[in-house]
Structures are given as C-alpha cells and as structure tokens.
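Notes to accompany the following structure.
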Amino acid sequence: MPRFANSVANLRSSEIRDMMSLATAPDIISFAGGMPGNELFPLEKIDRIYQSLTEKEKQTALQYGPTTGLPSLIESLSDYLDKKGLPVKTNRLIITTGALQAIHILAKAFIDPGDPILVETPSFIGALSAFRAYGANLVTIPLNEDGMDIEQLKKRLDTTLPAPKFLYYTPNFHNPAGIIYSRKIKQEIVDLLKNKDIPIIEDDVYSDLYFYEEDLPGMQLIKAMDPEGIDVCYVGSFSKILGPGLRLGWMMVPEGIYRKCELIKQSIDACSPSLSQVIADKFIRRGDVYDYTASVRQEYKKRGLAMIEALEASLPAYVSFTKPHGGFYTWLQLPEGTDATAVLKKSIEKGVVFVTGQTFDPDAIQNNFMRVSFCNTDEETIRRGVPLIAEAIKEVCGH
C-alpha cells in the first residue's frame with residue numbers, strides 16, 4: 001500500500017465535484033455548480049483582444065513570467081482596485097492561479113499542523129479543503145443574517161489556545177449563505193482582532209456582482225477600511241468578472257507577508273499563466289471589465305429574482321431562504337433534523353441537483369440546509385426546476 005502523507009489523510013472529495021458528471025447529463029437541471037453561464041462569457045471581447053496583440057505581446061504571453069505577475073497586469077489591476085477604494089499604495093499584489101491558489105499560499109504561510117484557525121460555518125468548501133491540507137484545526141463560528149456571531153467569536157478568542165493563526169471570512173454574497181456582512185459586524189471583528197497578531201483573510205470574489213447600488217456603502221471591505229493594528233490579506237479573482245478558465249486570481253497583502261508568499265508561490269508553480277495575464281491586462285485597460293460586469297450583473301439579477309419568485313411560489317411555509325442581493329447563491333433552511341441528502345436523492349429522481357449544507361459545514365454535521373445556485377441556469381429553467389425541488393422537500397418533510 002502507498003504510504004500517503006498525514007496532511008492528505010483528512011481530505012475528502014467535495015460533493016460539488018462528485019456531482020459535476022451528473023450535472024452535465026443532458027436532462028438534469030443543475031443548481032449545484034457555482035460557475036458563470038457559458039453563454040455569458042465575453043467571447044467577442046476576448047477575440048478582439050487576442051487579435052490586437054502585437055508579435056512581441058504574443059511572445060510574452062507564451063513565455064514564463066515573474067512569479068508575482070506580469071508588471072503590466074500588476075499596474076492595471078492596481079489601478080482597478082484603487083478605484084474601488086482599496087489601499088494598493090501601502091500593500092503588494094501577487095497574481096495567483098485562481099483565488100483558491102491565493103488561499104492555499106496564505107494557508108501554507110501561516111499554518112503548522114494542529115494550529116487553530118477561525119472559520120465561518122457554513123464556509124467555502126475550497127478554503128476548508130486548503131486549510132485541512134495543511135493540518136489546521138478548524139475553529140468554527142456560526143453565521144447570522146448579518147455576518148459572524150460576534151458573541152461566539154469572542155468566546156472562541158477567549159478559549160482557543162494557542163491563539164488562532166488567522167480568521168477567514170467571505171464579506172459579500174457569501175458562498176454558500178448568500179449574505180452581506182453588515183458594517184457593524186465587520187467593525188466588531190476588527191475591534192476584537194486589533195493588536196492580537198491574528199490576520200484576516202478576506203475572500204472577496206463576488207462583490208462586483210451586486211444587484212442593487214444602494215447595497216454598495218454597506219459592502220465596504222475590511223481591506224478598504226485599512227484598519228491599524230491588524231494585517232488584512234485580501235483575495236480576489238477574475239473568475240467571476242472574466243472567466244474561470246483563465247485561472248487568474250490575486251492577493252493584496254502587507255509587505256512582510258508578500259515576501260513570504262512570493263517564495264511559496266515560486267515553489268508551487270513558478271508563475272501564473274502569462275497568456276491569461278496578457279488578456280486580463282488588456283481587458284482592464286480597454287475598459288471592457290466595467291462594461292462586462294455591468295451587463296452580467298443585470299443577467300444574474302434577472303436569474304436571482306426568478307429564483308426568489310419561484311421559491312416563494314413553490315416552497316412550503318416551513319422552509320426559509322436567503323433572498324440574494326447579488327452573487328450566485330441562495331441558501332435554504334429546512335426544519336431542524338431534516339436530512340438534506342434525502343431531499344437531494346428525491347430531487348435527483350425528478351431531474352434536479354443542488355448541494356447539501358453538510359458540504360459547507362467545517363464540522364460536517366449540520367445538514368438541514370441546501371445551497372441552490374442560480375448563476376448557471378436561465379430564468380425559464382429556474383422556473384421549471386425549483387418546483388421539482390419543492391416537491392422533493394414535501395415528500396421528505398410532509399406538506
């Protein structure tokens with residue numbers, strides 16, 4: 001038998017990944033994947049960008065690049081993030097091979113086996129897998145409608161020894177819970193962690209996909225607040241604002257953390273894809289990023305509102321759900337003690353898939369929740385699929 005490393009002993013396949021083959025079956029309606037709709041990609045813009053490249057730019061695109069990213073993309077991305085109010089002048093950027101690589105690099109930088117870290121429950125499964133890969137002890141804090149339960153966070157900070165290595169959270173249009181953190185909760189997190197040598201990893205890949213401009217003031221990031229006495233490691237991605245197949249993300253971190261992360265990335269893949277970086281750079285410089293995000297925001301809003309309408313019309317009264325204000329997801333709560341896996345089995349029989357809540361629980365216990373994605377499904381299909389999920393719920397829980 002192969003003798004695998006202890007660090008991979010606790011890794012388990014994501015239910016989402018396991019379902020991807022099922023989700024691609026021709027007759028299945030999938031509310032499982034957190035991916036953009038293929039029909040929404042800016043194909044013409046990307047074609048024009050590539051056709052406009054000079055011979056020298058194409059050579060750069062096919063060559064190795066600097067570990068931290070092509071200087072041209074660092075410059076254009078800095079400008080893009082500066083316009084969002086992020087403190088680019090006092091931090092350093094590293095281009096990564098997707099946002100998940102940025103999370104992996106930060107996990108490797110901070111975690112020794114057995115180290116406690118603070119995570120939300122529910123939480124993004126990709127981040128949880130990364131943290132487990134480095135042997136972290138996941139200390140969980142439940143989510144409320146406006147963010148982390150601050151009383152529980154205080155309790156964990158008082159009782160967790162040694163002190164947690166960092167806190168990981170998703171501020172806007174949370175995956176999977178769909179919520180926006182309130183300004184109050186973010187400020188309380190900062191106040192609790194200030195001068196405690198516990199960095200924050202702020203995972204922000206959905207903020208551009210807001211439905212309502214009136215939400216924007218409350219969506220200010222902790223990184224944009226630029227608090228003193230606390231290191232904030234900000235993670236973003238081109239996956240939702242250009243295309244996940246480019247495999248491009250970034251981290252914006254203080255200088256001391258930057259130097260360590262550069263060495264770690266160097267040891268992982270030397271550099272992120274130069275071709276993707278050249279395209280992303282032009283996408284920003286031409287202003288395409290602003291036009292494109294404005295258009296997909298409207299499409300996701302239509303899908304999100306169709307999802308709300310269908311859920312309100314179909315669900316029994318004992319099921320509650322988060323009404324999305326942006327992003328990709330809505331989060332359904334079934335009655336206490338319900339097994340969402342039983343609902344999923346019934347739902348698959350009817351030709352519809354979603355993801356059960358246990359997938360996103362760091363303790364892998366709570367399973368009376370469901371993540372239903374609206375991002376990859378048109379309005380008509382949403383209206384056909386949601387009643388089938390409602391039927392499955394009623395068959396398991398009763399009318």
Query raised in the report: What is the distance, in nm, between label points placed 7 Å from the Cα along the Cα-to-Cβ direction at Arg383 and at Glu349?
Result: 2.8
Report summary line: A correct Stokes-Einstein calculation for the chain, using the alpha-carbon Kirkwood radius, 10 °C and 1.306 mPa s, returns a whole-number D in µm² s⁻¹ of 73
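Count the net charge of all other residues whose Cβ sits under 13 Å from the Cβ of Val289, scoring Lys and Arg as +1 and Asp and Glu as -1. Can you show the working numbers first?
Working: positive: Lys45, Lys83, Lys84, Lys240, Lys282, Arg285, Arg286, Arg297; negative: Asp79, Asp208, Asp281, Asp288, Asp291.
Every neighbour counted, the sum reads +3.
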Query raised in the report: Given springs between every Cα pair under 10 Å in a Gaussian network model of the chain, which of Glu255, Glu299, Glu213 has the largest fluctuation?
Result: Glu213
Query raised in the report: Who wins for biggest fluctuation among Met35, Met148, Met370 in a Gaussian network model of the chain, springs between alpha carbons below 10 Å?
Result: Met35
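Can you compute the helix-only [θ] at 222 nm over the chain? Use -39500 (n - 2.57) per DSSP H run of at least 4 residues, normalise by all residues, nearest 500 deg cm²/dmol.
Numbers: 14 runs with 167 residues, N = 399.
The helix contribution divided over the chain gives -13000 deg cm²/dmol.
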Query raised in the report: Gln63 to Asp339: FRET efficiency via 1/(1 + (r/R0)^6), r the Cβ-Cβ distance, R0 51 Å, to the nearest 0.05?
Result: 0.45
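Divide the volume of the convex hull of the Cα atoms of the range 29-88 by its number of residues and quote the answer in cubic angstrom per residue.
175
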Query raised in the report: How do 318-324, 246-252 rank on mean C-beta neighbours within 10 Å, highest first?
Result: 246-252, 318-324
Query raised in the report: So, with a 1.4 angstrom probe, what is the percent of accessible area on the range 329-399 that is carbon and sulfur?
Result: 47
Query raised in the report: How large is ³J(HN,Hα) for each residue in the range 278-293, as worked out from phi by the Karplus curve 6.51 cos²θ - 1.76 cosθ + 1.60 (θ = phi - 60°), to whole Hz, x for Gly and Pro?
Result: 4, 5, 4, 4, 5, 4, 6, 5, 7, x, 4, 4, 6, 5, 5, 5
Query - Cα centroid separation, the range 222-255 to the range 158-186 (Å) - result: 15
Report task. Output the direction-averaged projected area (hull surface divided by four) of the convex hull of the alpha-carbon atoms of the range 146-244, in nm². Result -> 6.8
**Report entry** Candidates Lys240, Lys108, Lys260: whichever shows maximal mean-square fluctuation once the chain is modelled as a Gaussian network with Cα springs under 10 Å
**Finding:** Lys260
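Rounded if a/c is under 1.5, else prolate if a/b beats b/c, else oblate: with a ≥ b ≥ c from the C-alpha gyration tensor eigenvalues square-rooted, which is the range 194-279?
Values: a/c = 3.18, a/b = 1.07, b/c = 2.98.
Oblate is the answer for the range 194-279, as a/c is 1.5 or above yet b/c matches or exceeds a/b.
Protein chains only, probe 1.4 Å: how do Leu43, Leu275 rank by accessible area, largest first?
Values: Leu43 110, Leu275 70 Å².
So, going from the largest accessible area down, we get Leu43, Leu275.
Mind ranking 304-311, 289-296, 137-144 by how tightly packed they are, going by the mean number of other C-beta atoms within 10 angstrom, highest first? Don't skip to the end; give the middle numbers.
Numbers: 304-311: 20.2, 289-296: 15.8, 137-144: 17.6.
Answer by packing, highest mean first, reads 304-311, 137-144, 289-296.
Per the 1.4 Å probe, what fraction of the accessible area of the range 207-319, in percent, lies on carbon and sulfur atoms?
Details: 2160 of 4350 Å².
On the range 207-319, the fraction of accessible area on carbon and sulfur atoms equals 50 percent.
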Query raised in the report: Per residue, how many Å² of accessible area does the range 166-292 show with a 1.4 Å probe?
Result: 35
Query raised in the report: Contour minus end-to-end for Ser295 and Asp191, with contour as 0.36 nm per residue of separation and end-to-end as the Cα-Cα distance?
Result: 33.7 nm
Requested in this report: With the full set of protein chains in place, find how many percent of the accessible area of the range 63-198 is carbon and sulfur; take the probe as 1.4 Å.
Outcome: 51
Query - Whole-Hz ³J(HN,Hα) from phi, Karplus 6.51 cos²θ - 1.76 cosθ + 1.60, for the range 95-109, glycine and proline x - result: 7, 10, 7, x, 5, 5, 5, 4, 5, 4, 4, 5, 4, 5, 5
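Could you compute how fast the range 197-345 diffuses translationally, taking Rh as the Kirkwood radius over C-alpha pairs and applying Stokes-Einstein at 4 °C with viscosity 1.567 mPa s? Give it in µm² per second. All intermediate terms of the calculation are to be shown ahead of the outcome.
Values: Rh = 18.6 Å.
The diffusion coefficient I find is 70 µm²/s.
Any chance you could list the semi-axes, whole Å, largest first, of the equivalent ellipsoid that the Cα gyration tensor gives for the range 78-187, using √(5λ)?
On the way: eigenvalues 106, 77, 38 Å².
For the range 78-187, the semi-axes come out at 23, 20, 14 Å.
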Query raised in the report: According to a simple spin-label model (label point 7 Å from Cα along Cα-to-Cβ), what is the distance in nm between Lys184 and Leu161?
Result: 3.4
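Please arrange Asp158, Asp378 by accessible surface area, largest first, computed with a 1.4 Å probe and ligands excluded.
On the way: Asp158 130, Asp378 70 Å².
In descending accessible area the options line up as Asp158, Asp378.
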Requested in this report: Give me the accessible area per residue for the range 28-149, probe 1.4 Å, as a whole number in Å².
Outcome: 44
**Report entry** Per-residue SASA entry for Arg286, accessible area with 1.4 Å probe, Å² rounded to 10
**Finding:** 100
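The values are calculated or read from the model by the stated rules, or taken from the named source; none is laboratory data. These figures come from a predicted structure and were not determined experimentally. No Cβ is skipped: glycine too gets one built from the backbone with ideal geometry, and neighbour counts run over all protein chains shown. We work out accessible area using only protein heavy atoms, side chains counted, and drop any ligands, DNA or RNA first. Shrake-Rupley method; radii C 1.70, N 1.55, O 1.52, S 1.80 Å.
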